[in-house]
Amino acid sequence: MPDHDVLIVGAGPVGLLLACLLVQEGRHVAVCERHTDADERTRAIGIHRPGLEALDTAGIGDAVRAEALRLDGGEVRSRRRTLATLTFGQDHPILILPQPRTGALLRARLQSLSPESLLLEHDVRGVRQNADAVQIACVSPDGPHELSASVVVVADGVRSRLRDRIDAGWRRRLGRASYAMVDLADATPDARAVLHCEPEGLVESFPLPGGQRRWVVREAEGGGLRSIEEFCATIETRTGIAVAPAADAMPTSFVAAQHAAKRLQRGRLVLLGDAAHEISPIGGQGMNLGWMDAVRLATALVRTLPSRMPDLSGYERHARRSASRAQRRSAFYMSMGAPAPRTVVRGREVLMQGLGSAPLRGWTTGLLTMRGL
């Protein structure tokens with residue numbers, strides 16, 4: 001008999017939520033995480049209604065609501081003009097809570113349900129399976145050893161080291177752009193997101209709990225924003241807004257790219273979250289989509305384990321379809337956030353009408369509802 005019903009590789013927000021759901025249903029679960037401490041890097045902040053419903057199911061929805069900032073709405077601006085506004089109603093809440101805090105609440109929830117389930121400093125090095133179970137080889141402070149489970153869920157992120165073991169492939173999808181972001185004090189706290197669709201490129205700002213605001217800037221082709229002074233100067237040049245730099249702040253540059261695995265399951269091995277599909281974080285969709293997939297996967301596993309080989313065809317079909325829709329939306333919004341093209345007319349360079357022009361009005365509502373990096 002296997003040691004566990006389900007073994008999850010990776011203790012990110014998606015893997016932790018799946019573990020909570022399964023433990024609540026009485027399944028014997030282990031989560032292997034190669035690091036000791038939680039990832040404290042600034043990442044996703046937006047929690048949409050489906051994601052919040054998943055957190056409710058895992059038992060931490062109320063704790064998230066208590067700490068999160070509720071986004072009132074948003075605006076799209078261009079060339080110092082407001083093009084569109086949107087108010088988020090009670091039935092479509094968007095909450096703002098930095099990912100490290102959400103992850104900490106999920107970790108605490110899992111440890112309260114099953115203190116022995118979270119295995120830190122367990123680095124999974126190999127996987128093999130037979131008709132009845134999956135064995136993983138891992139290295140921990142106690143040395144190399146093996147664990148077994150009826151199913152192993154690979155949730156170790158975009159740079160998954162186990163994805164190749166199931167011959168999943170990793171196909172490039174449309175959408176790729178470079179951004180820089182930093183969290184700064186908000187001089188005039190306001191619970192509204194603002195998107196500046198400027199000819200020189202997109203600038204976004206999102207309120208954060210604690211009187212801060214996250215700024216995201218589309219970087220110019222081939223050039224990164226290396227200093228906080230350069231970052232703030234770019235914001236002012238594009239939007240006219242003077243943002244005070246913080247002495248200890250440093251912009252974080254990242255590439256928003258999109259990929260999808262060609263298959264999500266091989267026997268008793270299954271991919272979940274960013275290991276299954278990379279979606280531009282600029283769409284605010286990756287973490288929430290991963291949670292929705294985790295709910296579907298948990299339902300399928302609870303229904304079939306431990307008695308027989310799980311039928312995950314429904315999970316895979318839904319996950320692939322949802323990821324494809326999200327990637328198409330993100331690719332479109334990334335293209336709309338690019339700098340406007342330039343041309344030369346009568347010897348003078350002219351910025352062509354593009355971003356910031358009247359056609360933006362037709363897609364601003366969809367864009368605003370998808371944001372929440």
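The values are calculated or read from the model by the stated rules, or taken from the named source; none is laboratory data. Here the structure is a predicted model, which is why all the values come from computation and not from measurement. FYI the Cβ positions are ideal-geometry reconstructions off the backbone, even for glycines, and counts take in every protein chain you see. Note: accessible area is taken over every heavy atom of the protein model, side chains too, but ligands, DNA and RNA are not part of it. Shrake-Rupley method; radii C 1.70, N 1.55, O 1.52, S 1.80 Å.
A few comments on the model shown:
- For Ala242, the conditions (1) in contact (Cβ under 8 Å) with a residue 60 or more places away in the chain; (2) exposed (fewer than 15 other Cβ atoms within 10 Å of the Cβ) all hold with the exception of (1).
- Only one of Met334, Met292 that is touching a Pro at 6+ places or on another chain (Cβ under 6 Å) and either within 30 Å of Arg238 (Cβ to Cβ) or open to solvent by 50 Å² or more (accessible area, probe 1.4 Å) (or both): Met292
- Conditions (1) more than 30 Å from Leu208 (Cβ to Cβ); (2) modelled with pLDDT under 95; (3) within 27 Å of the chain's Cα centre (by Cα); number of the one not met by Phe88: (1)
- Candidate set: the range 222-239, residues that are in a loop (DSSP other than H, G, I, E, B) and free of Cβ contacts under 8 Å to residues at least 12 places away in the same chain; chosen: the one surrounded by the fewest Cβ atoms within 10 Å (Cβ to Cβ): Gly222
- Residues that are touching a Lys or Arg at 6+ places or on another chain (Cβ under 8 Å), within 27 Å of Phe231 (Cα to Cα) and not aliphatic (A, V, I, L, M) within the range 156-185 comprise Ser178, Tyr179, Asp183, listed in sequence order.
- Of the residues making up the range 35-66, those that are open to solvent by 70 Å² or more (accessible area, probe 1.4 Å) and either under 26 Å from Glu198 (Cα atoms) or not in a loop (DSSP other than H, G, I, E, B) (or both) are Arg43, Arg49, Glu53, Thr57, Asp62, Arg65, Ala66.
- Of all the residues in the range 67-97, those that are open to solvent by less than 90 Å² (accessible area, probe 1.4 Å), part of a strand (DSSP E or B) and of a type outside the set (D, E, K, R) number 12.
Here is a yes/no grid of residues against (1) polar (S, T, N, Q); (2) touching a residue at least 12 places away in the same chain (Cβ under 8 Å); (3) open to solvent by 20 Å² or more (accessible area, probe 1.4 Å):
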position: Pro100; (1), (2), (3): no, yes, yes
position: Ala104; (1), (2), (3): no, yes, yes
position: Ser114; (1), (2), (3): yes, yes, no
position: Leu119; (1), (2), (3): no, yes, yes
position: Val124; (1), (2), (3): no, yes, no
position: Gln129; (1), (2), (3): yes, yes, yes
position: Ala137; (1), (2), (3): no, yes, yes
position: Asp142; (1), (2), (3): no, no, yes
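- In the range 204-219, the residues that are within 15 Å of Ile94 (Cβ to Cβ) reach residues that are of a type in the set (Asp, Glu) with C-beta atoms within less than 7 angstrom, at least six apart or across chains, in these pairs: Pro207/Asp186; Pro207/Asp190; Leu208/Asp183; Pro209/Glu67; Arg214/Asp183.
- Within the range 314-343, residues that are farther than 18 Å from Ala257 by Cα and without any contact (Cβ under 8 Å) to a residue 24 or more places away in the chain have Cβ atoms under 7 Å from residues that are of a type outside the set (Lys, Arg) and not in a loop (DSSP other than H, G, I, E, B) in these pairs: Gly314/Ala300; Pro341/Gly354; Arg342/Glu349; Arg342/Val350; Arg342/Leu351; Thr343/Val350, counting only partners at least 6 apart in sequence or on another chain.
- Residue count for the range 5-19 satisfying the condition of being surrounded by 24 or more Cβ atoms within 10 Å (Cβ to Cβ) and over 19 Å from the mean Cα position of the chain (by Cα): 2.
- Here is the figure for the range 269-278: residues that are in contact with a strand residue (DSSP E or B) (Cβ under 6 Å, 6 or more places away or on another chain) and either of a type outside the set (D, E, K, R) or surrounded by fewer than 24 Cβ atoms within 10 Å (Cβ to Cβ) (or both) total 6.
- Annotation: of all residues in the range 144-160 being under 30 Å from Asp62 (Cβ atoms) and assigned to a loop (DSSP other than H, G, I, E, B), the one that is most open to solvent (accessible area, probe 1.4 Å) is Asp156.
- Cβ-Cβ distances below 8 Å connect the following pairs, each with a first residue in the range 268-296 that is under 16 Å from Gly10 (Cα atoms) and part of a loop (DSSP other than H, G, I, E, B), a second residue that is modelled with pLDDT of 95 or more and open to solvent by 10 Å² or more (accessible area, probe 1.4 Å), and a separation of six or more residues or different chains: Leu272/Val14; Leu272/Ala155; Ala276/Ala260.
- The range 292-306 - residue that is among the β-branched types (Val, Ile, Thr) and over 12 Å from Val6 (Cβ atoms) and, of those, nearest to the chain's Cα centre (by Cα): Val295
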